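The values are calculated or read from the model by the stated rules, or taken from the named source; none is laboratory data. Quick caveat, the model's predicted, so the values are computed rather than measured. Cβ atoms come from the backbone with ideal geometry, glycine included; neighbour counts cover every protein chain shown.
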Amino acid sequence: MFHFLGLLKAMSVPFIYMIVFGFISGFLPNMDLDLMIVLLFFPTYILIGILAPIYNKKTPYFASFIGSLSLSVLNIFFGHFFIELETLADPDRVNRSLVLSTSVSIITTSIFLFTKKRKVLKNV
C-alpha cells in the first residue's frame, strides 16, 4: 500500500538539498551555470530515487515516480511564478524535464533495489 507520509519524508531531503544548494551557490561569484544545474539536478533526483523505496517498501517505483514528478512540477511552477521564466511556454522543455527527472529517479530506484536484493540473497 502506498504511504503518502513516506512520500513526503522522501521528498523533504531532496527539497531541503535544493534550497540549501541554491542558496549557497548564489553566493559563489564565478560558478558555471551548467555545472550548477548538474550539481543541483542529479543529487536531487538520485536522492528521491534512493529514499522513495526506503519509505515506501510496497510501492517503490510508484513512489519514486510520483516524488520526482512532484519535485519537477514544483521546480517548473517556482520558475514560472517567482522567477518569471517562461517555462510553461515551451512544451518540449517541460517534457524533457519531466522525462529526464523521472527516468533518473526510477533508474536509481531499480539499481538501489537490485543491490539491496542481491545483498539480502548473498547473506542467506
Worksheet entry | Filtered residues of the stretch 43-99 (kept if under 10 Å from Met11 (Cα atoms), out of contact with any Gly (no Cβ under 7 Å at 6 or more places or on another chain) and among the polar types (S, T, N, Q)) | Thr44, Ser68, Ser70
Practice prompt. Confirm whether Ile54 is in a helix (DSSP H, G or I) and loosely packed, with under 13 Cβ neighbours inside 10 Å.
Written response: no
Practice prompt. Of all residues in the stretch 57-99, count the ones that are in a helix (DSSP H, G or I), among the aliphatic types (A, V, I, L, M) and in contact with a helix residue (DSSP H, G or I) (Cβ under 7 Å, 6 or more places away or on another chain).
Written response: 7
Worksheet item: Of all residues in the stretch 92-124, how many are loosely packed, with under 10 Cβ neighbours inside 10 Å and in contact (Cβ under 8 Å) with a residue 40 or more places away in the chain?
Response: 0
Practice prompt. Tell me, yes or no, whether the stretch 64-75 has at least one residue that is touching a Phe, Trp or Tyr at 6+ places or on another chain (Cβ under 8 Å) and surrounded by 15 or more Cβ atoms within 10 Å (Cβ to Cβ).
Written response: yes
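Looking at the structure I just gave you, is Thr102 among the hydroxyl-bearing types (Ser, Thr, Tyr), at pLDDT 90 or above, in a helix (DSSP H, G or I) and more than 11 Å from Gly49 (Cα to Cα)?
Details: among the hydroxyl-bearing types (Ser, Thr, Tyr): yes; at pLDDT 90 or above: yes; in a helix (DSSP H, G or I): yes; more than 11 Å from Gly49 (Cα to Cα): no.
Considered against the rule, which asks whether it is among the hydroxyl-bearing types (Ser, Thr, Tyr), at pLDDT 90 or above, in a helix (DSSP H, G or I) and more than 11 Å from Gly49 (Cα to Cα), Thr102 comes out as no.
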Discussion item. Looking only at residues that are farther than 17 Å from Thr102 by Cα and under 15 Å from the mean Cα position of the chain (by Cα) in the stretch 21-38, which one is modelled with the lowest pLDDT?
Written reply: Gly22
Worksheet item: Considering only residues of the stretch 73-99 that are charged (D, E, K, R) and at pLDDT 85 or above, which is nearest to Val38 (Cα to Cα)?
Response: Arg96
